[in-house]
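A short worksheet on the structure shown next.
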Amino acid sequence: MLNSRRAKVTTSVENVHYVADRGQRYAWTVRGSVDYILIKTANGTWKISQIIFRMQDQVVRPLGAAA
């Protein structure tokens, strides 16, 4: 809880993106964390007001020639 009407939740994430470039294929892996800033609405439910991605590292790995 940041205060009675705002909260923050953080989670670790890892996403793999597959990219083709000039006949080659690559796996681009991105690691980091996501902060979700929540606000409490007038009826007492929580809504996401902001999402912040914080990249920690990335790796590009060749997968070979595209078919």
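Take the Cβ atoms of L2 and V30, set R0 to 22 Å, and the FRET efficiency comes out at 0.25.
What you get for the chain, charging only the Cβ of Lys and Arg (+1) and of Asp and Glu (-1), is a dipole of about 280 debye around the Cα centre. Summarising the label geometry, the points placed 7 Å from Cα in the beta-carbon direction at I39 and I52 lie 1.6 nm from one another. Give the longest segment of the chain that steers clear of trypsin sites (Lys or Arg not before Pro) in DSSP loops with at most 15 neighbouring Cβ atoms within 10 Å, not counting the sites themselves. With trypsin sites (Lys or Arg not before Pro) excluded where exposed in loops, the chain gives 23-67 as its longest stretch. Mean-square fluctuations from a GNM of the chain, with a 10 angstrom spring cutoff on Cα atoms, peak among D57, D21, D35 at D21.
What the pair-distance distribution of the chain shows, using all Cα-Cα distances binned every 10 Å from zero, is 19, 31, 21, 16, 10, 2 percent.
Toward the positive end of the charge dipole of the chain, with +1 on the Cβ of Lys and Arg and -1 on the Cβ of Asp and Glu, the farthest Cα among Q24, Q58, V34 is that of V34.
Rule-based calculations on the coordinates, nothing more; no lab input. Keep in mind it's a predicted model, so treat the numbers as computed, not measured. When we count neighbours, we look across all protein chains shown, and the Cβ atoms used for this are built from the backbone with ideal geometry, even at glycine.
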